[in-house]
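Reviewing the structure listed below.
The values are calculated or read from the model by the stated rules, or taken from the named source; none is laboratory data. Just so you know, these numbers come straight off a predicted model, no measurement behind them. Note: ideal-geometry Cβ built from the backbone for every residue, glycine included; neighbour counts use all protein chains shown.
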Amino acid sequence: QDVALIREQVPNLRYISPRNQLGGFRGTNNVVRGIKTGAFNVYGDYPEIINQDPMKISSGRFLNQLDIEQKRKIAIIGEGVKSSLYDRGEDPLGTYIKIQGVNFLVVGTYKKRSTDGDGEEAQKEIYIPFTAFSQAFNRADNVGWMAITANDGTSISQLKERIVGVMKEKHKIHPDDLRAIGYFDLYQEYNKVESLFGAMRVIAYFVGILVLLSGIIGVSNIMLIVVKERTKEIGIRRALGEDPWSIKKQILLESIFLTLISGMAGIVMGALFIYGINAILDMSGPVDMFLNPSVSLGVVSGALVILMTSGLLAGFIPAQSAIKVKPIDALRTE
């Protein structure tokens, strides 16, 4: 009734998926198959939940509308459940598992990526039809919570107050009671995280600019020392009539080369660091927030352009110093 009422009174909603949950996660064992047992989260869901909580069906199928209408006692299990209750290489499809003493037929298995850093536990969940859950575990028409998604172009943050208002009115809850109906706005939380990462990017750019400036100063000092040590050579070349621009170009090219070598070493070290992060994430289970960290080719190309420009800037003062050397003074230099 609550779901139907929300659909009727709140427009621009794409999915409404009521859910009940049977907690076994980190608790007592609630699922049995033969002599093997395990503690897993069991969800009573509608088929639409796969659009809100994406997962890859690795074998068999997911829930469908007939499962809901006929209250079929079927289950879709995660790869973690499969590895806990089945022997290696054993096919779970067509077998039965016992959830809180009730038999359910396994019709599918899934793999799912975690968004909260607990990739392993995301695979240790079981999905059964909402209606079968209610019947098997005496939940009647009760709904534990609902997953609600707005249409494209509509923010759920704009609709949540209306949804809560509809529920308060139906269940005769005082409008000022803020604790009677709880909700979690994933979009709002995402914006908080995005703001945090935005601030971190600004700090990273600021630190990067400071590091780049210190690098430019370092390369410039090195090139000044190089020019000083080659003063006699420069004087001889000037005395033989070499164009000052040729000397300046050589100093600038050496500066660019030195900067590029240092920069490329940094890029390689960064790539190795990202490779290491990927390896660590793969071992702990994939997490959407940190899925396949990488640096785009555009960023690398931009970094190379910045490095070349920095090399030019770093070599400019030493190059100017080189062409100001008078041949007669340079030849006297020991």
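Residue count for the range 222-239 under the criterion of being buried (at least 16 other Cβ atoms within 10 Å of the Cβ) and among the small types (Gly, Ala, Ser): the result is 1.
So, of the residues in the range 231-274 that are free of Cβ contacts under 8 Å to residues at least 24 places away in the same chain and touching a Ser or Thr at 6+ places or on another chain (Cβ under 9 Å), which turns out to be farthest from SER301 (Cα to Cα)? Among those that are free of Cβ contacts under 8 Å to residues at least 24 places away in the same chain and touching a Ser or Thr at 6+ places or on another chain (Cβ under 9 Å), it is ARG237. Tally the residues that are over 30 Å from the mean Cα position of the chain (by Cα), over 15 Å from ALA147 (Cα atoms) and touching a residue at least 40 places away in the same chain (Cβ under 8 Å), restricting the search to the range 163-206. Total meeting the criteria: 2. For the range 263-282, the condition of being within 16 Å of ILE234 (Cβ to Cβ), in a helix (DSSP H, G or I), assigned by TED's automatic domain parsing to the domain that holds LEU196 and at pLDDT 80 or above holds for none of the residues. The sole residue among GLU189, GLU242, GLU254 that is surrounded by fewer than 17 Cβ atoms within 10 Å (Cβ to Cβ), in a helix (DSSP H, G or I) and either on the phi < 0 side of the Ramachandran plot or not assigned by TED's automatic domain parsing to the domain that holds TRP145 (or both) is GLU189. Within the range 46-81, the set of residues being more than 26 Å from the chain's Cα centre (by Cα), part of a helix (DSSP H, G or I) and either at pLDDT 95 or above or crowded, with 20+ Cβ neighbours inside 10 Å (or both) comprises LEU66, ASP67.
No other residue among ALA147, ALA136, ALA140, ALA132 is within 15 Å of ASN20 (Cβ to Cβ), in the same structural domain as GLY44 (by TED's automatic domain parsing) and without any contact (Cβ under 8 Å) to a residue 40 or more places away in the chain apart from ALA140. Of the residues making up the range 149-202, those that are farther than 17 Å from LEU5 by Cβ, touching a strand residue (DSSP E or B) at 6+ places or on another chain (Cβ under 9 Å) and among the β-branched types (Val, Ile, Thr) are THR149, THR154, ILE156.
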